[in-house]
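The values are calculated or read from the model by the stated rules, or taken from the named source; none is laboratory data. What you see is a predicted model, and the numbers here were worked out from it, not measured in a lab. Virtual Cβ from ideal backbone geometry, glycine too; neighbours counted across all protein chains shown.
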């Protein structure tokens, strides 16, 4: 798992690690271009919350992130470790 604080860092992480899935958080335009740049990798996009206008001091719904992780991340490894 990796967390990137911006698009340039995120793209580098994707190139270096080739993840199985990406959960991306960004403003509409950045999210759309990031999804296009990572094709054909599967991306679940979460739009951030912008209480101060366009892409400034943004927030994110942790419920949406949690849902995406629970929906798309394989928990079979964790289950095998408990057995």
Exercise. Of all residues in segment 54-69, how many are modelled with pLDDT of 85 or more and over 13 Å from the mean Cα position of the chain (by Cα)?
Worked result: 4
For this session: Could you check how many residues of segment 1-60 are outside any loop (DSSP other than H, G, I, E, B) and touching a residue at least 40 places away in the same chain (Cβ under 8 Å)?
Result: 2
